[in-house]
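First the structure, in the form of structure tokens, and then the observations on it.
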Amino acid sequence: MMHRRGLKLGTVALLFQLLFLLLFAFLAKYDDDAKPKDPSSAALSMRFYPMYQDVHVMIFIGFGFLMTFLKLYGYSAVGVNFLVATFVLQVALIVRGFIHADILGGDRFPINTSEMLASDFAAATVLISFGAVLGKTSPLQLLVMGVIETILAQLNEYTGVHHLHTSDIGESMYVHVFGAYFGLAVARVLYSEDAEDNDKEGPVYHSDIFSLIGTVFLWIYWPSFNGGATGGDEQQRAIINTYLSLAACALVTFAVSGMLGKKGRFDMVHIQNATLAGGVAVGTTADMPLEPWGAVLLGSLAGVICVLGFNFLTPLMARKGRLHDTCGVHNLHGMPGVLAAIAGAVMAALSSEKDWGGSLCQIFGARAKGDGTPCDVSLDLTRSGVVQGGYQMAALCLTLAIAIFGGGLTGLLLKLPIWSMPQGEEIFDDKVNWEVADFNVPEVKVDRKATSDETITTKI
């Protein structure tokens with residue numbers, strides 16, 4: 001007989017998949033490059049595929065294994081990550097289709113590798129929020145959260161890019177800041193004292209190693225995340241700047257972790273997370289001419305901020321603010337994302353055609369050229385650098401407002417008892433949602449004839 005929890009999740013998931021099927025059937029189409037006409041026409045679209053594959057690895061291996069540090073929650077860390085990501089990918093394609101195509105006018109929304117990459121970014125947003133509530137929510141709650149968050153995040157990004165005309169090539173504002181503060185708002189509303197000082201929340205030796213696998217995958221592929229959506233010299237700079245920022249961040253993380261650790265020892269929590277903060281901190285400015293030292297500076301600052309956040313701010317938030325952040329997304333995604341946004345505003349304010357050349361108009365379409373003519377005639381805008389910097393900060397404020405307010409309302413919805421939220425001993429435990437293999441090492445019999453005829457039972 002079906003368990004009520006499994007029946008709820010299965011029914012909701014299948015109904016959503018049926019809805020997706022119908023929407024794809026009547027509203028979606030292959031992009032022109034993918035239609036069965038001219039084989040050579042796919043070349044431009046396919047340039048996104050290598051970067052898309054890198055980001056795909058980050059979503060399904062990097063994010064999943066990064067969250068395996070909980071000793072009894074490894075199945076859910078990777079498995080539910082898999083579930084949520086595949087769900088959100090489809091939601092994002094559809095939501096983006098309604099936003100960017102004239103569906104009411106009879107158009108169908110196109111699907112291509114560029115949209116696949118954008119949908120992976122959308123999945124990353126929700127998975128960041130998942131980190132804040134890891135172990136404290138049911139898969140059904142996460143699916144509901146994924147729908148609401150994807151809609152709000154895509155509307156926020158559309159507003160920032162197409163109405164405020166801001167630049168955020170690595171999505172530090174629109175993915176990392178939004179995902180972090182949306183998740184934190186949900187976590188605050190769903191706060192339960194059962195999560196504090198819970199014996200199941202900690203790691204064991206092998207769970208920390210699995211988590212570090214996720215870290216390494218994310219660290220290696222992050223340049224593709226920041227540079228995948230652009231091209232030309234902007235893409236080259238995005239890759240170089242991210243590479244340098246990550247390297248500096250990792251070194252600073254090890255240094256500060258050792259300085260703060262007991263007896264000078266590294267803290268695995270810092271190494272699993274803070275080493276990645278450089279990728280977030282350079283995201284908004286990745287395609288801008290930061291110069292190598294600027295990327296190194298941002299990565300170094302991010303490493304310090306993230307380690308200090310784990311050491312001092314996370315416990316303070318739990319103790320004083322009743323906000324339990326399981327994965328520390330505020331430290332890895334929230335604060336470094338805000339740093340990235342501020343850096344983007346500063347770079348915008350300092351930008352000029354003399355120093356940036358053609359990249360000025362490529363990055364900031366609403367800017368004025370050196371002779372005062374608009375970069376993009378269709379926009380009829382001639383912003384100065386300082387004004388563009390102001391719009392970059394406005395986009396950050398808008399992102400924070402929508403994420404926090406939307407996350408709070410979503411948290412209230414998820415508190416309803418129909419979503420099967422885990423309680424008490426169910427928190428941080430795979431056994432609630434999985435058939436779990438035996439945790440114990442099996443006993444075997446070893447015959448030590450060299451010393452005795454006695455058969456000795458031992459454990460390996």
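The values are calculated or read from the model by the stated rules, or taken from the named source; none is laboratory data. Everything quoted here is computed from the prediction, not taken from an experiment. When we count neighbours, we look across all protein chains shown, and the Cβ atoms used for this are built from the backbone with ideal geometry, even at glycine. What goes into the accessible areas is simple: the full protein's heavy atoms, side chains included, and nothing from ligands, DNA or RNA. Shrake-Rupley method; radii C 1.70, N 1.55, O 1.52, S 1.80 Å.
In table form, for the structure just shown:
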item: Sites excluded, GluC sites (Glu not before Pro) in DSSP loops with at most 16 other C-beta within 10 Å, longest stretch of the chain; result: 197-434
item: Listed residue pairs exceeding 22 Å between alpha carbons, taken from 8/200; 71/136; 8/71; 136/415; 136/200; 71/263; result: 8/200; 8/71; 71/263
item: Local electrostatic count, residue 67, Cβ distance below 15 Å [Lys/Arg +1, Asp/Glu -1]; result: -2
item: Exposed-site-free run, longest, the chain (rule: trypsin sites (Lys or Arg not before Pro); DSSP loop; at most 15 other C-beta within 10 Å); result: 109-264
item: Cβ-derived FRET efficiency at R0 41 Å, residue 100 paired with residue 416, nearest 0.05; result: 0.80
item: Residue 247-residue 193 pseudo-label distance in nm [points 7 Å out on the Cα-to-Cβ vector]; result: 5.1
item: For the chain, accessible area per residue (1.4 Å probe, heavy atoms of protein chains only), Å²; result: 46
item: For the chain, calculated [θ]222 nm from helices alone, where every DSSP H run of n ≥ 4 adds -39500 (n - 2.57); result: -18500 deg cm²/dmol
item: Estimated inter-spin distance, residue 200 and residue 17, nm [label 7 Å along Cα→Cβ]; result: 2.7
item: Kirkwood-based Rg to Rh ratio, region 132-207, C-alpha trace; result: 1.09
item: Percentage of interatomic Cα-Cα distances in region 310-405 larger than 21 Å; result: 48
item: Portion, in percent, of the accessible area of the chain that falls on carbon or sulfur, probe 1.4 Å; result: 65
item: Local net charge near residue 166, Cβ-Cβ under 12 Å (Lys/Arg +1, Asp/Glu -1); result: -1
item: Isotropic mean projected area of the C-alpha convex hull, region 13-103 (nm²); result: 7.8
item: Coordinate range along principal axes, alpha carbons of region 111-247, Å, largest first; result: 51, 35, 25
item: Rg/Rh ratio calculated on Cα atoms of the chain (Kirkwood radius); result: 1.02
item: Cβ-defined net charge surrounding residue 88, 12 Å radius [Lys, Arg +1; Asp, Glu -1]; result: -1
item: Taking the C-alpha atoms of region 291-365, convex hull volume expressed per residue in Å³; result: 110
